[in-house]
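Beneath this line is the structure, given in structure tokens, with notes to follow.
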Amino acid sequence: MKRRLAGVLTVAALTLSGAAVAAGPATAAPASAKAFSCKLVWHDKNTAGVKCTGGTFIAAAKCKNGRVAQGAAAASGTTSYAYCTSYGSSLRTPVQAWGIKV
């Protein structure tokens, strides 16, 4: 069962497809580049599931203890899960993924 969480968590997906995802001014991408898009598709108090399209990626989630949990590399269209329990913690809240607050 999904739970609504309250605090500050950032969920990020790190691209492995060669396109860099960075904060700051946007740069023009080649016309042949696929659009890279991610969203938070599942979470509970310990785990964040991120689904991306446009390239291989890794989910990352900030934990309450300040550590960043990373999921396994996942193919476009699938879900990667970042587990804060791997660091003896739970998710920082509210959950935020790519500018979408849950």
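The values are calculated or read from the model by the stated rules, or taken from the named source; none is laboratory data. Keep in mind that this is a model prediction, so the values were computed, not measured. All Cβ positions, even for glycine, are placed from backbone atoms using ideal geometry, and neighbour counts span all protein chains on display.
Please go through region 49-92 and pick out each residue that is β-branched (Val, Ile, Thr) and assigned to a helix (DSSP H, G or I). Hit for region 49-92 is Thr85, nothing else.
Trp42 meets each of the listed conditions (1) outside any strand (DSSP E or B); (2) modelled with pLDDT of 90 or more apart from (1).
Within the span defined as region 20-38, one or more residues are part of a strand (DSSP E or B) and either under 16 Å from Val95 (Cβ atoms) or modelled with pLDDT of 55 or more (or both).
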